[in-house]
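**Q** Input: one structure, supplied below.
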Amino acid sequence: MPLIKSISGFRGTIGGSPGDNLTPQDIVECTAAFGQWMLQKTGIPKVVMGRDGRISGEIVGALAINTLRSMGIDVVDLGLSTTPTVEIAVPIENAGGGIILTASHNPKEWNALKLLNHKGEFISAADGAEVLDLVAKKSVTYATVDKLGTYSTNDTYIQKHIDLILALPLVDTDAIRQKAFRIVVDAVNSTGALSIPPLLEALGCQCILLNGDINGHFAHNPEPLKEHLGQLSTEVRLQKAQLGIAVDPDVDRLVFMCEDGEVFGEEYTLVAVADYILSKRPGNTVSNLSSTRALRDVTQKHGGSYFAAAVGEVNVVEKMKAVNAVIGGEGNGGIIFPDLHYGRDALVGIALFLTHLAHSGRQISTLRKTYPEYHMAKTKIERSPDIELEKIFSALQAKYHREQIDTTDGLKIDFEEGWVHLRPSNTEPIIRIYSESNSQVIADNLAKKIIADVGDLGISRR
C-alpha cells in the first residue's frame with residue numbers, strides 16, 4: 001500500500017515498510033519537516049492538533065506530538081475533533097500552524113497529516129514544496145532538554161465552533177427552531193458524533209444518531225456517496241424524518257438525504273447553500289473544475305459571476321480570495337463560507353442549509369427540484385508508478401482538439417453534450433474521471449468513452 005507525500009500533506013496506510021507506508025519513521029520525519037518549516041516561516045513555536053476517530057489516530061498523534069515537542073514546539077491537543085474545528089482553533093490560539101490527523105474519506109487502514117498555516121488554512125503549493133524539500137533533506141534541528149515544547153489539551157473547541165456558527169447573521173436559529181426538524185445523522189463512527197448532535201440540539205432539531213461509536217471501525221465505506229448510504233436512507237424513511245445528514249470521518253464533507261430516502265446529491269449541497277447565500281448577499285462563487293455546472297447557473301441567476309479553480313481546497317480558497325467570492329467549495333459536499341473561515345466545513349453547511357430549508361417552507365425533495373438538473377458520473381482508474389500522465393493527457397488533447405480544452409488541472413474536455421475531467425488524485429494512487437451532462441446516460445457514456453481511450457494507451461480499469 002502506498003505512502004503519498006504531496007504539497008497537501010502526508011497520507012498512507014498503517015504498517016509495512018518505511019517509505020512505502022505511513023510508518024512511525026515516516027510520521028516522525030514528516031512531522032519534523034513541517035515543524036522546521038513552520039519555525040522558519042513564522043517563528044511561532046506552537047501547533048494545534050486534532051484527530052478524527054481512526055483506530056490509528058492515538059498512535060499517530062503521540063508520535064507527531066512528541067516529535068514537535070522534541071523540536072521545542074508547544075502542542076495544544078484538541079483530541080477527537082473535526083478538520084474545520086482545528087482550522088478555527090489555530091488563529092484563536094495564535095499558533096504557527098496546525099496538524100489534522102485524518103485521511104478524510106479513505107478506509108480505516110489509512111491515516112494522514114493535513115497541514116495548516118498560521119491562519120488555519122491549508123498550506124499553499126509553494127509552502128508544501130518547501131516542506132517536501134525539508135523531508136527529502138532531513139534538515140531538522142531538535143531542542144535541548146531545557147527547551148522542549150510543552151503539551152496541553154483543550155476539549156472546548158467544538159462548542160466554540162458551534163457558538164461561532166450560531167452567531168452568524170445568515171444563520172436563522174429562530175426559523176430553524178420553529179420547524180423543529182427531525183433529522184437522522186450518519187456519523188460513520190467518527191467525530192461527526194461529537195459535533196453534529198450538539199449543533200442540531202442548539203438549533204432545536206431532534207437528532208437520531210447512526211454509527212455514533214467513535215471507534216474508527218467505519219460502519220460502511222466512509223466516503224459519503226449514495227452507494228454507501230443505504231442505512232441512512234432506510235432510517236430516514238422508518239423514522240419519518242424530514243431529512244438525513246451524512247459526513248465523512250473528519251466532518252468537512254456534507255451530504256443530505258431527502259425525506260423519501262433519496263439523496264439530495266453531494267454536488268447540490270454547495271448549490272443549495274450558495275442559492276441561499278446569494279439571495280441575501282449577491283456576489284461571486286467558486287468551485288473546482290470537477291464540480292457541477294448547476295453552481296454556475298444559480299450564481300448567474302442571482303447576478304453574480306462563477307469561477308472555476310483547480311481541484312483541492314487550497315486552490316479553491318486562493319481563487320475565492322482573488323475574486324472576493326461570498327461562498328465557494330467543492331462538489332464533494334464541501335462548503336467554504338468566508339464569514340466563518342476559509343475551510344470546508346460541514347457544520348456551518350448544516351446550519352446554512354437548514355436556514356434555507358426553513359425559509360423555503362418546502363420539503364427537502366421539493367427544494368431539490370428547484371435546481372438545474374445535471375447528472376454526473378464519477379469513476380477512477382489505477383495509476384501505476386510508471387504511467388506518464390502528461391503523455392496520456394497530450395494524446396487525449398490531440399484526439400479531441402476540436403473541443404474546448406482546459407489544462408488547469410489535469411485535462412477537462414467540454415463536449416457539446418457535456419464535459420469530462422481527468423486528473424490524478426491527491427489522496428490515492430488513481431486517476432479520477434468525472435463527467436457531467438443533462439442526461440445520466442450521456443454522462444456515463446462520456447466517461448466510458450474516455451476510459452476506453454485511456455485503456456488503449458495501456459492502463460487497466462480499477
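The values are calculated or read from the model by the stated rules, or taken from the named source; none is laboratory data. Because the structure is a prediction, the values reported are computed rather than measured. Reconstructed Cβ throughout: ideal geometry from the backbone, glycine too, with neighbour counts over all protein chains shown.
**Q** Can you go through GLU201, GLU93, GLU109 and tell me which one is on the phi < 0 side of the Ramachandran plot, without any contact (Cβ under 8 Å) to a residue 12 or more places away in the chain, in contact with a strand residue (DSSP E or B) (Cβ under 9 Å, 6 or more places away or on another chain) and not β-branched (Val, Ile, Thr)?
**A** Values: GLU93 fails: without any contact (Cβ under 8 Å) to a residue 12 or more places away in the chain; GLU109 fails: without any contact (Cβ under 8 Å) to a residue 12 or more places away in the chain.
Answer to the selection: GLU201.
**Q** Let me ask something else. Considering only region 427-447, state which residues are part of a loop (DSSP other than H, G, I, E, B) and closer than 30 Å to ALA112 by Cβ. Full working, then the answer.
**A** If we filter region 427-447 for residues that are part of a loop (DSSP other than H, G, I, E, B), which is where we start, we get 427-429, 438-439.
Within region 427-447, THR427, GLU428, PRO429 qualify.
**Q** Looking only at region 175-196, decide whether some residue is among the polar types (S, T, N, Q) and more than 30 Å from SER233 (Cβ to Cβ).
**A** Within region 175-196, the subset among the polar types (S, T, N, Q) is 178, 189-191, 195.
If we keep only those that are more than 30 Å from SER233 (Cβ to Cβ) too, we end up with none.
Scanning region 175-196 turns up no residue that is among the polar types (S, T, N, Q) and more than 30 Å from SER233 (Cβ to Cβ).
Listed here are the residues, each with its yes/no results for (1) closer than 29 Å to ALA447 by Cα; (2) touching a residue at least 40 places away in the same chain (Cβ under 8 Å).
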| position | (1), (2) |
| --- | --- |
| GLU262 | yes, yes |
| ALA274 | yes, yes |
| ILE277 | no, yes |
| GLY283 | no, yes |
| SER287 | yes, yes |
| GLY303 | no, no |
| GLU313 | yes, yes |
| VAL317 | yes, yes |
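**Q** Any chance you could count how many residues in region 278-303 are assigned to a loop (DSSP other than H, G, I, E, B) and either not charged (D, E, K, R) or not assigned by TED's automatic domain parsing to the domain that holds ILE336 (or both)? Outline the logic, then answer.
**A** Restricting attention to region 278-303, the residues satisfying the condition of being assigned to a loop (DSSP other than H, G, I, E, B) are 281-283, 289-293, 302-303.
Those still in the list that are either not charged (D, E, K, R) or not assigned by TED's automatic domain parsing to the domain that holds ILE336 (or both) too: 282-283, 289-292, 302-303.
Number satisfying all stated conditions: 8.
**Q** For region 189-224, give me each residue that is in a strand (DSSP E or B) and either under 20 Å from PRO84 (Cα atoms) or in contact with a Phe, Trp or Tyr (Cβ under 8 Å, 6 or more places away or on another chain) (or both).
**A** If we filter region 189-224 for residues that are in a strand (DSSP E or B), which is where we start, we get 206-210.
Across region 189-224, the qualifying residue is only GLN206.
**Q** SER394 versus (1) closer than 30 Å to ARG177 by Cβ; (2) in a helix (DSSP H, G or I); (3) out of contact with any helix residue (DSSP H, G or I) (no Cβ under 8 Å at 6 or more places or on another chain): which is the lone unmet condition?
**A** For SER394, the failing item is (1).
**Q** Among SER425, SER437, SER384, which is the only one that is within 18 Å of ASN332 (Cα to Cα), of a type in the set (Ser, Thr, Tyr) and at pLDDT below 90?
**A** Numbers: SER437 fails: at pLDDT below 90; SER384 fails: within 18 Å of ASN332 (Cα to Cα).
Being within 18 Å of ASN332 (Cα to Cα), of a type in the set (Ser, Thr, Tyr) and at pLDDT below 90 holds for just one of SER425, SER437, SER384, which is SER425.
**Q** Let me ask something else about it. Within region 321-359, which residues are in contact with a Pro (Cβ under 9 Å, 6 or more places away or on another chain), surrounded by fewer than 24 Cβ atoms within 10 Å (Cβ to Cβ) and outside any loop (DSSP other than H, G, I, E, B)?
**A** Answer for region 321-359, where residues must be in contact with a Pro (Cβ under 9 Å, 6 or more places away or on another chain), surrounded by fewer than 24 Cβ atoms within 10 Å (Cβ to Cβ) and outside any loop (DSSP other than H, G, I, E, B): LYS321, VAL326.
Yes/no matrix, rows are residues, columns are (1) over 24 Å from ILE158 (Cα atoms); (2) modelled with pLDDT of 95 or more; (3) not basic (Lys, Arg):
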position: LEU3; (1), (2), (3): yes, no, yes
position: ILE7; (1), (2), (3): yes, no, yes
position: GLY15; (1), (2), (3): yes, no, yes
position: ILE55; (1), (2), (3): no, yes, yes
position: MET71; (1), (2), (3): yes, yes, yes
position: LYS114; (1), (2), (3): no, yes, no
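**Q** So which residues in region 397-426 are surrounded by fewer than 19 Cβ atoms within 10 Å (Cβ to Cβ) and either assigned to a loop (DSSP other than H, G, I, E, B) or of a type in the set (Val, Ile, Thr) (or both)?
**A** Within region 397-426, the subset surrounded by fewer than 19 Cβ atoms within 10 Å (Cβ to Cβ) is 397-408, 414-417, 424-426.
Of everything in region 397-426, those that are surrounded by fewer than 19 Cβ atoms within 10 Å (Cβ to Cβ) and either assigned to a loop (DSSP other than H, G, I, E, B) or of a type in the set (Val, Ile, Thr) (or both) turn out to be TYR400, HIS401, ARG402, GLU403, ILE405, THR407, THR408, GLU416, GLU417, SER425, ASN426.
**Q** Next question, about the same structure. Quickly run through region 55-79 and pick out the residues that are assigned to a strand (DSSP E or B) and either out of contact with any helix residue (DSSP H, G or I) (no Cβ under 6 Å at 6 or more places or on another chain) or surrounded by fewer than 19 Cβ atoms within 10 Å (Cβ to Cβ) (or both).
**A** To start, the set of residues in region 55-79 that are assigned to a strand (DSSP E or B) comprises 74-79.
Listed by number, the residues that qualify are ASP74, VAL76, ASP77, GLY79.
**Q** Could you say which residue among VAL90, VAL131 is crowded, with 22+ Cβ neighbours inside 10 Å, touching a Gly at 6+ places or on another chain (Cβ under 6 Å) and within 30 Å of LYS319 (Cα to Cα)?
**A** From the options VAL90, VAL131, the qualifying one is VAL90.
**Q** Would you check which residues across region 100-124 are among the hydrophobic types (A, V, I, L, M, F, W, C), touching a helix residue (DSSP H, G or I) at 6+ places or on another chain (Cβ under 6 Å) and under 17 Å from HIS341 (Cβ atoms) and list them?
**A** Scanning region 100-124 gives ILE100, LEU115, LEU116, PHE122.
**Q** Is it true that LEU148 is under 24 Å from the mean Cα position of the chain (by Cα) and not charged (D, E, K, R)?
**A** Numbers: under 24 Å from the mean Cα position of the chain (by Cα): no; not charged (D, E, K, R): yes.
For LEU148, the condition - under 24 Å from the mean Cα position of the chain (by Cα) and not charged (D, E, K, R) - is not met.
**Q** Let me ask something else about it. THR83 fails exactly one of the following numbered conditions: (1) within 24 Å of GLN159 (Cβ to Cβ); (2) among the polar types (S, T, N, Q); (3) touching a helix residue (DSSP H, G or I) at 6+ places or on another chain (Cβ under 8 Å). What is the number of that condition?
**A** Looking at each condition in turn, THR83 falls short on (3).
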